[in-house]
Structure formats: C-alpha cells, structure tokens
Amino acid sequence: MTAGDHDYHDIPGTYVFDFDKSHQGFHLNMFCMSLLKPENREAFLADEEACLKRFPMTEAQRQAVLDRDWLGMIKLGGNIYYTAKIAATDGKSFQYVAGKMCGMSQDEYAQMMLNGGRSPDGNRSKSEWQEGDQ
Amino acid sequence: MAKILAGVGTSHVPAIGAALDSGKADEPYWQPVFAGYKKSKQWLKELNPDVVILVYNDHANAFGLDVVPTFALGIADEYAPADEGWGPRPVPVVKGHFELARHLGTSLIFAHFDMAIINEMVVDHGLTVPLSLMCGQPQEWPFKVVPLCVNVVQYPPPTGARCFELGRAIRKAVEAYHEDLKVVVFGTGGMSHQLHGERAGIINREWDNRFLDDLTADPLRLTKIPHTEYIRETGAEGVETVMWLIMRGALDDQVKEVHRHYHVPASNTALGHIILENV
C-alpha cells in the first residue's frame, strides 16, 4: 500500500477531500473563496460566466457551478466548505445543499436530521449500497 | 506560574452562531441546543480564566488551498470576525495574548512541534461560535484567546496521537510560563456530521457518546482511532473531533467530567459538549 491509497474509498456517498481532490479542484475552490468579498459576490451574481472565466478551472467545473450541480462540484474536486460560499451567495443553507446532494428536498432532509440523522448502519461500505445508489 | 485548569470540548456549528445573532435562541429548534450551555456559562464565569487556548479549524475563510498549515498558532494582538459569505458575525473582536503566544510558539517548536505562525488572521465560526456558546453575547470577550488552527479540511489531518502529544507539549509550555495566568483549553469541532455527498447527514450517537465517555475513562484508546473510522462512523466532516484530543492532552492524566451535553440535530450536526477539570 502506498501513501494515498486509502481505505476510505470504500465508504459510499463520500468524497474525502484528499490531495488528489485538492489538486483537481484547486481553481474551482479558489473561485469559491473569492466570494468571501462582498464585491465579488455582487459581480458573480451580475455576470456568473464572466467571473468564472477569470479562474482557469475546467469547462466541466465551470458548468457545474452554473448549473448549481452541488454533487457534481464535489465529484470534480470541490470541497464543501468552499462550494458553500456559492450557496451563501445564493442565500441557500448547508441543509439545502446537503439535501440536493442526496436527492432530497430541504424539508425532507431537515426532517431526517430531526429524526436523529442518517444511521451509519447500512452506509459504511460500498458493498452495502445497491447499484444505482450513487 | 501559569496553569491549565480545565478543558472544554464543544461543536462549532455555524448555524448556532446565526441563530444566536438573529435572536432565535429561544425558538423550539434551538432552545435545547443552548439550554445545555447554561451551566457551562456559569462555570466559566466562576472560573474566570485569563486566557483560553482555542483549538479549532478554519473553514476556507482565513486559509485557502494555496497553503494549508497542519498546525498554526496565532500570535496577533487581535483577530476580527470573518465574512464567511454572508457578512461577519456581529460579535466582539477577539483579543490575543502576544506574550503567552510567543512563549507557546517558541516552546512548541523547541519541543519539535513545527508550528506555522500567524501574525494576521480573521476568525470564523470555528472560533467564535464556541465563544458565544460559553460566554453568551457580551460587549467584550471576558478573556484573551490564543488561537490554534488545525487542518482538518484537507486530508490527512494530524493523527489523534499527534494531537494528544501536542496537548501535552502545550501543558508543559504553559506550566513553564512566568506569569500567574489561569488558562483553559477549548477543543472544538465535531461531533458526527457529513455535509457532502449522497451520504450527507450521518449521525452516530453511540460512537459520539463512547468518545465522550473515554475522554475521561480511556483517552489513550481515542488516540489510536484511525481517520477512516472517524469518517466512516461519524461522517467525513466528523473527523474534526480529532481536535478535542489536543485539549485532552493538555489536561492531567486523571480528570473529572463536570458537565456533558449532547443534542441532535444542530443543523447537520450532532452537537457535543463536555467540561473536564483537572482533579
């Protein structure tokens, strides 16, 4: 086993933000971080494509942002703490984004959390998930 | 001489800060979250520490991906609340303690903990929400803060064992400090939460409570937990809980649990809180 070859890859529905992801998503994430400045948030809302062009991310990453494809951004190297800046700019909450990523409405997701959250039982290994779950 | 009197573990969910700042703390959803800190606020007020060493992680607000320090110590005179994308929290500026921070940074590096040193930084909910939970809404924070940032965003975070050893080195450094200071260490973040992916929303009440039990009963077991176990059992972002082991390492071998609070949910997160005193 070499460093970087990790057993967390067996956890379903989970994209650990390791060096591979960080490397892949660097420009996407640094774009997200630019939204910490109010003037950049305004500029983004005024012309999303122009703002995105200033960051040398891939076309797929750019499209995922435009589509607000939250899971797609994660799969393309986005980190949730970074992509959450786009959600904040849109006035959306973490629960809205989390719900979207697991195919639930914000209300359904919030209710799941009120019921005690998602159990780890049946969610520890990819072998426990049916094909098509992810 | 300075002395570490106690340790505090607490989650640092951003929505808790937002609830408090927007006057929603008494709403039925949030009331049980804050109720568990009533005793803690009184306890901290009576203890009246001079300095809190606050272990937390930044969430893409002070640090980007350009440089990711594993351990970073703040030596600044003050730290402004960060704009995390929805404007800065309306909370007081956090005052640092340069003299103690300088001593800590020097001692830790000579003890082979190669800290990154921060001269300027904004502080996000990871640092300010624990202050709000433990102090309420004062005009000024009632103590000075030495921030200790840990990378838990980009894998791998430091190991539990390394965090615990860093805690021990912090304790040794504090005890060698010339001035009589009462110091409390906060370990923050966690507990169960996963914010991303199709598995978002994982909560493992049993695992979290076993962790809380063993902070007193068997902290050395906790230092051996691999990162993958945190991620698998408590969610990818639940690995933050490893930071509590810095706090635990800074305390005596024997400690007394004086308070515990556990509540699900605070937004996406299992809120955990504990107070440990040296006996």
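B:Tyr56 passes every criterion in (1) more than 14 Å from chain A (Cβ to nearest Cβ); (2) closer than 24 Å to B:Ser11 by Cα; (3) among the aromatic types (Phe, Trp, Tyr) apart from (1). Exactly one residue out of A:Asp47, A:Asp18 is assigned by TED's automatic domain parsing to the domain that holds A:Ile80 and over 24 Å from B:Pro226 (Cα atoms), and it is A:Asp47. Regarding A:Lys92, is this residue open to solvent by 50 Å² or more (accessible area, probe 1.4 Å) and either in a loop (DSSP other than H, G, I, E, B) or closer than 28 Å to B:Gly87 by Cβ (or both)? Judged against the criteria, A:Lys92 is a match. With the requirement that a residue be of a type outside the set (Asp, Glu), within 26 Å of B:Ile53 (Cβ to Cβ) and within 14 Å of chain A (Cβ to nearest Cβ), what does the range B:181-209 give you? Hits for the range B:181-209 are B:Gly189, B:Gly190, B:Met191, B:Ser192, B:His193, B:Asn209. Summed over the range B:141-159, residues that are within 17 Å of B:Glu46 (Cα to Cα) and not in a strand (DSSP E or B) total 3. Picking from residues in the range A:101-116 that are open to solvent by less than 50 Å² (accessible area, probe 1.4 Å) and in a helix (DSSP H, G or I), the one that is farthest from B:Ala60 (Cα to Cα) is A:Met112. Taken as a whole, the condition of being open to solvent by 10 Å² or more (accessible area, probe 1.4 Å) and under 11 Å from the mean Cα position of the chain (by Cα) applies to A:Tyr81.
When restricted to residues that are under 16 Å from B:Arg168 (Cβ atoms), open to solvent by less than 40 Å² (accessible area, probe 1.4 Å) and part of a helix (DSSP H, G or I), the range B:94-130 contains 3. Taken together, B:Ala2, B:Ala6, B:Ala35, B:Ala25 contain a single residue that is open to solvent by 30 Å² or more (accessible area, probe 1.4 Å), of a type in the set (Gly, Ala, Ser) and farther than 30 Å from A:Leu28 by Cβ, which is B:Ala35. Checked against the criterion of being free of Cβ contacts under 8 Å to residues at least 24 places away in the same chain, under 26 Å from A:Met33 (Cβ atoms) and in contact with a helix residue (DSSP H, G or I) (Cβ under 9 Å, 6 or more places away or on another chain), the candidates B:Gly126, B:Gly64 yield just one match: B:Gly64. If you take the residues in the range B:148-178 that are within 27 Å of B:Ser107 (Cβ to Cβ) and among the aromatic types (Phe, Trp, Tyr), which one is surrounded by the fewest Cβ atoms within 10 Å (Cβ to Cβ)? So, considering only residues that are within 27 Å of B:Ser107 (Cβ to Cβ) and among the aromatic types (Phe, Trp, Tyr), the one surrounded by the fewest Cβ atoms within 10 Å (Cβ to Cβ) is B:Tyr177. Let me spell it out: the conditions are (1) in the same structural domain as A:Phe26 (by TED's automatic domain parsing); (2) crowded, with 20+ Cβ neighbours inside 10 Å; (3) free of Cβ contacts under 8 Å to residues at least 40 places away in the same chain; (4) within 22 Å of A:Ile11 (Cβ to Cβ), and A:Ala98 meets all of them except one. Which number is the exception? For A:Ala98, the exception is condition (1).
The values are calculated or read from the model by the stated rules, or taken from the named source; none is laboratory data. Note that the structure is predicted; figures quoted are calculated from it, not measured. FYI the Cβ positions are ideal-geometry reconstructions off the backbone, even for glycines, and counts take in every protein chain you see. Ligands, DNA and RNA are excluded from the accessible area calculation, which covers all protein heavy atoms including side chains. Shrake-Rupley method; radii C 1.70, N 1.55, O 1.52, S 1.80 Å.
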